[in-house]
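Please treat every number below as a calculation from the coordinates, not as lab data. Everything quoted here is computed from the prediction, not taken from an experiment. When we count neighbours, we look across all protein chains shown, and the Cβ atoms used for this are built from the backbone with ideal geometry, even at glycine.
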């Protein structure tokens, strides 16, 4: 299973807040049925690579559908094929090494 992180920036919006555009992109992720994690700086999804790329495209398109003229997105992909990898497992691996002192 692959993981994809996407950060979407709607350029040319009337104010400085981007949350309404991000919320619409997250609705796309929700409708996809993929496991995802929203963070302060982006959204990480997990699934097969083909589906992830399609959902990322749809998320990128969401601000355009809201009338934005330019969208800048950054995508990172972790596609591990030697063993199963999940969002939860990756975080757990690090927190175990920290001795759970991170909270």
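A few comments on the model shown:
- Degrees separating the helix 19-32 axis from the principal Cα axis of the chain, which is the longest one: 60 degrees
- Estimated FRET transfer efficiency when R0 is 35 angstrom, pair residue 84-residue 18 (beta carbons, to 0.05): 0.55
- Put in line by how crowded their Cβ is, counting other Cβ atoms within 10 Å and starting with the fewest, 82, 48 read 82, 48.
- Segment residue 54-residue 95, length gained on full extension (0.36 nm per residue, minus Cα span): 11.7 nm
- Least to most buried among 72, 36 (fewest other Cβ within 10 Å first): 72, 36
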